[in-house]
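The values are calculated or read from the model by the stated rules, or taken from the named source; none is laboratory data. Being a predicted model, the structure only gives us computed values, none of them experimental. Virtual Cβ from ideal backbone geometry, glycine too; neighbours counted across all protein chains shown.
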Amino acid sequence: MAPSPTGLLHIGNVRTALFNWLYARHEGGEFRLRIENTDTSREVAEAVDHIQESLRWLGLDWDGPHTFQLDRMDDCRRVADELVAQGKAYQDDGAIRFRMPDEGVTVWNDIVRGPVEFRNENLADLVLVRSDGRPTYNFASPMEDVWDGITHVIRGEDHISNTPTQINIIRAIGAELPIYAHVPNVAGADGKKLSKRHGAVTVAEFRKDGYLPEALMNFLALLGWAPDGETTIMNRGELVTRFDLTRVSASPAQFDYAKLDWMNGVYLRELPGEEFAHRLLIWLGENGYDWDAELVTQAARLVQEKIARLAEFPGFAGFLFGDVEPEPADLDGGAQILAAADEALASLEPFEAASIEAALRDAADRLGLKPRQAFQPIRVAVTGSKVSPGLFESIEVLGRETTLNRLRAAAAVAA
RNA sequence: GCCCCCAUCGACUAGCGGUCCAGGUCGCGGCCCUUUCAAGGCCGUAGCACGGGUUCGAAUCCCGUUGGGGGCACCA
């Protein structure tokens, strides 16, 4: 993986990185991280740390230390000088340009696209070294591939037109060519390049939105690849064992946020209860919520089946952690049932979901109310919302005192 | 403008010449379940871009058209 340190890690780059990682892990090879920082003017100070932090969170571990392209500046210059000496490159306004062949074709057998061919007459003489002495990306990149013994270059299709140029450089220095695989781009719902206006695009944003890295990996793996026509849910291990680069599609895929949400929900629900609570705690901590861990753990089990992203937790369970302000209109004139509920729960023992349910159903019966009519005002009174986790479990966790207070406060407004 | 790539339901895809009047998943619609919302179960909706070939036979192979995307920097 060879990101340039210009900002946060983009999800499209993550998809390409994932294919590299899956291929390397499947084949027992190495996955390398190279920071392509030859354009110092665009470099952002924090970017390298952000990129590594994001990769770690995603579980995309790389082999060996990460390298910086700029560290090979001197080596690149030396090669450029040799090429000039050999007549394969020439001085031009203080820069050094590579002399591309102007007849014939440059062809390579791309793993995902098959043979790709460019006429050499269409290849421009590439600037190898800028007039300020820094090598350019299209020179440094193939050189590093050679020096690092890169066997497979798996990158986005936006690099297709760079490939013939890079191949000619590698040939000129007499080194062996790597195998190339150009994977399709990831687009937004409009078919255009995935960007901010489509939704979350950086790893940091997906993390903040409460997606699980394993769900994100599963979803991304399916953008341009499928093991068969049936399987959609695959954990990391399954992805590694089943991944096959030759099955990667050549056509671009659109990023479907709705499907990601569904898949994240699947992963959330599959988590063991304690693990789900643990993930919630971590997410809450990362996002500035200082909520009681014990209460979060109790609340977790009430919402696990109901949310698709961790970020939905505060909206669903917030009533357990702070005061509520029910809309009087939502109480739906339920003064009677609220009073009845108050009475039914005031000295109920034990104060548990099952007994609470029995008591409230009994109260509803006596008022001749259908469950739906009776429980909705109580729900609004107690949780402050028309949508909530299971009412009886919620009341149990909330506790008698708070429940009764909210019931009374609401009864006063409803009347 | 030039170069390159791509083309199956709205989306992600399976399909690699007959087993496809095209299968799975998301979404969407309906029904069931139900204390709300979800989840779950069942049913349904919807597609091989178009035109020529090749072949006994094409979603699958070839050519063209159209459409979409990417690239044309002393950016990466």
Discussion item. Here is a check on your reading of the model: is A:GLN373 away from RNA strand B (no atom under 14 Å from the Cβ), farther than 20 Å from A:ALA299 by Cβ, without any contact (Cβ under 8 Å) to a residue 60 or more places away in the chain and assigned to a helix (DSSP H, G or I)?
Written reply: no
Fill in: Selection within region A:24-48 - more than 16 Å from RNA strand B (Cβ to nearest atom), modelled with pLDDT of 95 or more and either on the phi > 0 side of the Ramachandran plot or not small (Gly, Ala, Ser) (or both)
A:ARG25, A:HIS26, A:GLU27, A:GLY28, A:GLU30, A:PHE31
Worksheet item: Which members of region A:221-238 meet the condition of being touching a residue at least 24 places away in the same chain (Cβ under 8 Å) and either among the aromatic types (Phe, Trp, Tyr) or closer than 25 Å to A:ASN109 by Cα (or both)?
Response: A:ALA221, A:LEU223, A:GLY224, A:TRP225
Worksheet item: Pick from A:LEU128, A:LEU83: which is farther than 21 Å from A:ALA181 by Cα and either in contact with a His (Cβ under 6 Å, 6 or more places away or on another chain) or within 12 Å of RNA strand B (Cβ to nearest atom) (or both)?
Response: A:LEU128
Worksheet, complete the sentence: When every residue in region A:157-194 that is within 9 Å of RNA strand B (Cβ to nearest atom) and among the small types (Gly, Ala, Ser) is compared, the one farthest from the chain's Cα centre (by Cα) is A:SER161
Worksheet item: Which one of A:ARG366, A:ARG361 is within 13 Å of RNA strand B (Cβ to nearest atom) and surrounded by fewer than 21 Cβ atoms within 10 Å (Cβ to Cβ)?
Response: A:ARG361
Item to complete: Output yes when any residue across region A:64-81 is within 27 Å of A:GLU205 (Cα to Cα) and acidic (Asp, Glu), and no when none is.
Response: no
Worksheet item: Would you say A:GLY322 is away from RNA strand B (no atom under 13 Å from the Cβ), within 30 Å of A:ARG207 (Cβ to Cβ) and part of a loop (DSSP other than H, G, I, E, B)?
Response: yes
Item to complete: Would you confirm whether any residue within region A:198-217 is without any contact (Cβ under 8 Å) to a residue 24 or more places away in the chain and farther than 14 Å from A:TYR257 by Cα?
Response: no
Worksheet item: Considering region A:326-355 alone, what residues qualify as being under 41 Å from the mean Cα position of the chain (by Cα) and either within 19 Å of A:GLY399 (Cβ to Cβ) or aromatic (Phe, Trp, Tyr) (or both)?
Response: A:PRO326, A:GLU352, A:ALA353, A:ALA354
Item to complete: Enumerate the pairs (first residue in region A:143-163 and touching a residue at least 24 places away in the same chain (Cβ under 8 Å) and in a helix (DSSP H, G or I); second residue anywhere and of a type in the set (S, T, N, Q) and buried (at least 16 other Cβ atoms within 10 Å of the Cβ)) with beta-carbon separation below 9 Å, excluding pairs fewer than 6 apart on the same chain, so at least 6 apart or on different chains.
Response: A:GLU144/A:THR67; A:GLU144/A:GLN69; A:ASP145/A:GLN166; A:GLU157/A:ASN185; A:ASP158/A:ASN185; A:ASN162/A:ASN138; A:ASN162/A:SER141; A:THR163/A:THR106
Item to complete: Could you please tell me which pairs satisfy a Cβ distance under 7 Å, a separation of 6+ or placement on different chains, a first residue in region A:95-110 that is among the hydroxyl-bearing types (Ser, Thr, Tyr), and a second residue that is in a strand (DSSP E or B)?
Response: A:THR106/A:PHE118
Fill in: Filter pass, A:GLY188 being modelled with pLDDT under 95 and closer than 28 Å to A:LEU18 by Cβ
yes
